[in-house]
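**Q** Structure incoming, see below.
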Amino acid sequence: MNLELLQTVDQSYPEHSDGILDSGSEALTSAFNRRGTLLAVGCNDGRIAVWDFMTRGIARMLNGHIHPITSLSWNRSGHKLLSSSTDWNVLLWDIASGEIDLRFRFPSPVLKAQFHPRNTNIFLVCPIKNTPVLVRREEDDYRHIPLPTDGEPQLNIVASFDRRGQHIVSGSSKGKVLVIDTSSLEILKSFKIGSGTTSAIKCIEFARRGSNFLVNSADRVIRVFDIDDILGEEDGEVEALQRLQDLVNRTQWKTCTFSGDGEFIVAGLAFSTVACLHSVYTF
């Protein structure tokens, strides 16, 4: 039989809503653990609800922040959770006890905090209007190491580990992308997301499979790149594998991510109206 026809019939993406989880206040960000059994939801009042996704009940309510949660990141084992907030703090949580293991304070509100995919003793922090920082545990202390910015002081830089943690990819408010070696912090590649483009980069996300990553920028375009291809090319202009956008409505994307198998990209609207409340696009 035709294999492509069978694959078309057996779609691997959802076609309708499966339900609603009410955390009691407005949810701003969420993250599944690696096995998909727990879902952490960060709220606008600073609380974090940890849902048991099998029973659809709240397993833990974490109270430590006093301002809205901006990001959540699980470690590989699922025993620890990293949270960032506009209260300038990054907290390291023990999920079993519900207690705060460590608290880190930064010089401005924190846009994102992310665990290294393979090493719980390393994580990445992106403070607003400050250079992203790599935090490494050395014996009983944590060392804060600013990431290189290619000699230009640029504001609101976002960054992300690749899926194995070997590289860090950062994006600036001027549309510039840097690929940095995690161990040496050497810049391996530098390029603009598009010819003549100076639009701010809003987020960078890696697929859980393969070497693709996406860049969501202020020009309303989602660009997909392959990090292996980028590192294998000689110096010059880097072309995106795909450019995704809503040509009709010119939609701004609030957040974007890959599906679990990396075959699809899911994007949520930045501005919702009554007609398109909670609209999610699948590419």
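**Q** Pick from G42, G64, G36: which is of a type outside the set (S, T, N, Q) and at positive phi? Working first, answer last.
**A** Details: G42 fails: at positive phi; G64 fails: at positive phi.
The conditions single out G36.
**Q** Within the set of pairs 6 or more residues apart or between chains, which connect a residue that is of a type in the set (D, E) inside segment 198-219 to a residue that is not in a loop (DSSP other than H, G, I, E, B) with Cβ atoms less than 7 Å apart?
**A** E205/S160; E205/F213; E205/L214; E205/C256; E205/T257; E205/F258
**Q** Okay, next question. The conditions are (1) in contact with a Lys or Arg (Cβ under 8 Å, 6 or more places away or on another chain); (2) modelled with pLDDT under 90, and V177 fails exactly one of them. Which is it?
**A** Result: V177 fails condition (2) only.
**Q** Could we say that E233 is farther than 23 Å from V133 by Cβ and either of a type in the set (G, A, S) or open to solvent by 80 Å² or more (accessible area, probe 1.4 Å) (or both) here? Let's see the steps before the verdict.
**A** Working: farther than 23 Å from V133 by Cβ: yes; either of a type in the set (G, A, S) or open to solvent by 80 Å² or more (accessible area, probe 1.4 Å) (or both): yes.
Against the criterion (farther than 23 Å from V133 by Cβ and either of a type in the set (G, A, S) or open to solvent by 80 Å² or more (accessible area, probe 1.4 Å) (or both)), E233 qualifies.
**Q** What are the residues in segment 202-230 that are open to solvent by less than 50 Å² (accessible area, probe 1.4 Å) and at positive phi, if any?
**A** G210
**Q** If you don't mind, there's one more thing I want to ask. Looking at (1) modelled with pLDDT under 90; (2) surrounded by 12 or more Cβ atoms within 10 Å (Cβ to Cβ), which is the only condition V274 fails?
**A** (2)
**Q** Here's something else I'd like to know. Looking at segment 33-81 only, could you name the residues that are β-branched (V, I, T) and open to solvent by 30 Å² or more (accessible area, probe 1.4 Å)?
**A** Those that are β-branched (V, I, T) and open to solvent by 30 Å² or more (accessible area, probe 1.4 Å): T37, T55, I58, I66, T70.
**Q** Among the acidic types (D, E) and either in contact (Cβ under 8 Å) with a residue 40 or more places away in the chain or within 20 Å of K254 (Cα to Cα) (or both): which single residue out of D181, D162 fits that description?
**A** Numbers: D181 fails: either in contact (Cβ under 8 Å) with a residue 40 or more places away in the chain or within 20 Å of K254 (Cα to Cα) (or both).
Selected residue: D162, the only one of D181, D162 that is among the acidic types (D, E) and either in contact (Cβ under 8 Å) with a residue 40 or more places away in the chain or within 20 Å of K254 (Cα to Cα) (or both).
**Q** If a residue counts only when it is closer than 17 Å to F161 by Cα, which strands (runs of 3 or more DSSP E) contained entirely in segment 44-120 have at least 3 such residues?
**A** Counting at least 3 such residues, we get 69-74, 80-85, 110-115.
**Q** Right, another one. Name the residue that is surrounded by the most Cβ atoms within 10 Å (Cβ to Cβ), counting only residues in segment 236-247 that are among the charged types (D, E, K, R) and over 20 Å from L188 (Cα atoms). Step through it out loud before you land on a result.
**A** Pass one, segment 236-247, residues among the charged types (D, E, K, R): 237, 239, 243, 246.
Now narrow it down to the ones that are over 20 Å from L188 (Cα atoms): 243, 246.
Numbers: R243: 12, D246: 15.
Going through the qualifying residues, I end up with D246.
**Q** Could you count how many residues in segment 106-120 are more than 20 Å from R76 (Cβ to Cβ), open to solvent by 20 Å² or more (accessible area, probe 1.4 Å) and in contact with an Asp or Glu (Cβ under 9 Å, 6 or more places away or on another chain)?
**A** First, pick out the residues of segment 106-120 that are more than 20 Å from R76 (Cβ to Cβ): 106-111.
Keeping just the survivors that are open to solvent by 20 Å² or more (accessible area, probe 1.4 Å) gives 107, 109, 111.
Still in the running and in contact with an Asp or Glu (Cβ under 9 Å, 6 or more places away or on another chain): 109.
Total meeting the criteria: 1.
The values are calculated or read from the model by the stated rules, or taken from the named source; none is laboratory data. These numbers come from a predicted model, not from an experiment. Cβ: placed from backbone, ideal geometry, glycine included. Neighbour counts: every protein chain shown. Note: areas computed on protein heavy atoms with side chains; ligands, DNA, RNA excluded. Shrake-Rupley method; radii C 1.70, N 1.55, O 1.52, S 1.80 Å.
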